[in-house]
Amino acid sequence: MTDFAPYVGLAVVLYAIRHTDRFSNKYIPIVAVVLGVLYAFWEAGAATPETTLIGLKYALLGIGTVAGIKYSVEKNLK
């Protein structure tokens, strides 16, 4: 369960950012990459190529989760 927590946390943050008016939705992937990589560096305690890849994995899964929620909500509204 602890391995799944970063994905959920990042997805919640990205979903909240998506619903703000102050921030354009086109920057969400960039924010996801930055937050994912920073979290991976913090989690590992070092900045290595492996932790960068883990951070990118967090970002991609977070973006995918937000997109999945968005499309499922839009489909249910139609």
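Counting only alpha carbon atoms, the long axis of helix 5-18 and the longest principal axis of the chain meet at about 50°. Bridging of residue 57 to aspartates and glutamates at a Cα separation below 19 Å is possible for 3, 43, once same-chain residues fewer than 8 apart are set aside. Only helices enter this figure: runs of n ≥ 4 DSSP H residues, each worth -39500 (n - 2.57), summed and divided by the residues of the chain, yield -26500 deg cm²/dmol at 222 nm to the nearest 500. Assign one of three labels to the chain, namely rounded, prolate or oblate, based on the Cα gyration tensor with a ≥ b ≥ c the square roots of its eigenvalues; rounded applies when a/c is under 1.5, prolate when it is not and a/b is larger than b/c, and oblate otherwise. It is prolate, given that a/c is not under 1.5 and a/b is the larger ratio. Under the convention that each Lys and Arg Cβ holds +1 and each Asp and Glu Cβ holds -1, the size of the dipole of the chain around its Cα centre is about 420 debye. Within the chain, what is the longest stretch that has no chymotrypsin sites (Phe, Trp or Tyr not before Pro) placed in a DSSP loop and near at most 14 other beta-carbon atoms within 10 Å? So the longest stretch without any such site is 24-78.
On C-alpha positions alone, give me the angle between the axis of helix 28-44 and the longest principal axis of the chain, in degrees, nearest 10. For 28-44 against the chain, the angle is about 30 degrees. Which lysines have a Cα less than 22 Å from the Cα of residue 78, not counting those fewer than 8 places away in the same chain? Within reach: 70.
Every number here is computed from the coordinates shown, using simple stated rules; none is lab data. On a predicted model such as this, the values are computed, not experimentally measured, just so you know. Neighbour counts run over all protein chains shown; Cβ positions are idealised from the backbone, glycine included.
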